[in-house]
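The values are calculated or read from the model by the stated rules, or taken from the named source; none is laboratory data. Computed from a predicted model, the values in this text were never measured in an experiment. Positions of Cβ are generated from backbone atoms using ideal geometry, with glycine treated the same way; all protein chains shown enter the neighbour counts. Areas reflect the complete protein model, heavy atoms only, side chains present, ligands, DNA and RNA absent. Shrake-Rupley method; radii C 1.70, N 1.55, O 1.52, S 1.80 Å.
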Amino acid sequence: MYQPAITGTGVFTPSQVITNDELVESFNRYVDLFNAENAEAIAAGEVAAKEHSSTEFIIKASGIEQRYVLDKEGVLDPTRMYPRFRQRSDDEPGIMTEIALAACKTALGQAGLTGADIDLVICAASNMERAYPAVAIEIQKELGAGGFAFDMNVACSSATFGIQAAADMIRAGSVRRAIVVNPEITSGHLEWRDRDCHFIFGDVATATVLERAEDARGAHWLVRSTRCATEFSNNIRNNNGFLRRNRPDGMTDRRDMQFMQNGRKVFKEVVPMVSAHILQHLEDEGISPDQLRRMWLHQANKGMNDFVGRKVLGREPEPDEQPNILQEYANTSSAGSIIAFARHSDDMKPGDLGVICSFGAGYSVGSVVVERA
């Protein structure tokens, strides 16, 4: 059995930013257009009038201040309200592969490796831009990697589930080096016309290099232990899929074909599940919560993270014990905890312990206990 280690991380951040003020202005223009176009039906009680949003509402509900996106113009167009991407030829890399490669380049550079050194590519994300061929295999080709590649979707937990899969294969000796990539174009699945969630998501790509600790060329993180868990729930759901056109009204503009959630139920059910998961994982590894130097949590909602931090540590976490990046990036699905890890781990010392944890739809939760080496 070999000891797996994280030897590099990378983050690709889009150049376009949407502030809360910009988002609210666009959303409220859309609301005014909708209410005007449906004035008679609203007056008759047949259609509910839509409400304006506000920056204050967004901050209170989530702690999010802005988000990065691949296409700002399409999202902010009140007559459209979703990104506009160009049609690509089948002979050129897809958009997920393009942003994944940017993150991979940084991660590989940090690890002192090239794409040719990799023998496993896992593309772990909440959405894939096509059914097949696997996006991971396209990334493998563009990296010049060997071995094999596959896609993985466990929604917001995809990154930690991917890390567990890669770490297990490294332990067993079936691969030597792996890269887990999370190209999250969440602007494409968000319903920007829904006041309850129009502010939640942003775009990003992250990458994590794992290899045998004995091969590490510099500072690295030992993967001490990993753990994943799932429990079925409809409270976060997206009904889009390959059978869409075969169902009644499947091709119409249906709300259930984008991200949907019952936010209150999610908070009530997921937060205790995640807290208990982390605590049990630590206990089984003989680690007490006060030995943790840092937690890098899924970046969906500041209130959720604060609650999990208090439950795990038994007190109010210090800011550097539970760093948040959601105020800048918003919810980037599976990539959020990896962004937090990449941006807030260089200051830690040999022997320091931390846990990377992502959670979300499924329900699903994955945790990775790491030690600085």
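Which residue is nearest to residue 153 (Cα to Cα), if the candidates are limited to segment 231-274 and must be of a type in the set (Gly, Ala, Ser) and free of Cβ contacts under 8 Å to residues at least 60 places away in the same chain? Write out each step before concluding.
To start, the set of residues in segment 231-274 that are of a type in the set (Gly, Ala, Ser) comprises 233, 241, 250, 263.
Cutting the leftovers down to free of Cβ contacts under 8 Å to residues at least 60 places away in the same chain gives us 241, 250.
Details: 241: 13, 250: 23 Å.
For segment 231-274, the residue satisfying everything is 241.
For residue 35, indicate whether it is crowded, with 20+ Cβ neighbours inside 10 Å, touching a residue at least 12 places away in the same chain (Cβ under 8 Å) and either farther than 30 Å from residue 108 by Cα or of a type in the set (D, E, K, R) (or both). So residue 35 fails the test.
If you go through segment 242-289 and pick out every residue that is in a loop (DSSP other than H, G, I, E, B) and either open to solvent by 40 Å² or more (accessible area, probe 1.4 Å) or within 23 Å of residue 359 (Cβ to Cβ) (or both), you end up with 16.
If you go through segment 173-204 one residue at a time, how many are hydroxyl-bearing (Ser, Thr, Tyr) and crowded, with 20+ Cβ neighbours inside 10 Å?
Final tally of qualifying residues: 2.
Go through segment 64-122 and give me each residue that's among the β-branched types (Val, Ile, Thr), under 19 Å from the mean Cα position of the chain (by Cα) and more than 28 Å from residue 29 (Cα to Cα). Passing the criteria: 95, 97, 99, 106, 121, 122. The condition of being open to solvent by 20 Å² or more (accessible area, probe 1.4 Å), within 25 Å of residue 12 (Cβ to Cβ) and among the acidic types (Asp, Glu) holds for only one of 328, 316, that being 328. The residues of segment 274-288 that are of a type in the set (Ser, Thr, Tyr) and under 23 Å from the mean Cα position of the chain (by Cα) amount to a single one, 275. Applying the selection to segment 290-316, what residues are over 19 Å from the mean Cα position of the chain (by Cα), in a helix (DSSP H, G or I) and of a type in the set (Asp, Glu)? 290, the sole residue that qualifies. Scanning segment 122-130 turns up no residue that is more than 28 Å from residue 191 (Cα to Cα) and either hydroxyl-bearing (Ser, Thr, Tyr) or open to solvent by less than 30 Å² (accessible area, probe 1.4 Å) (or both).
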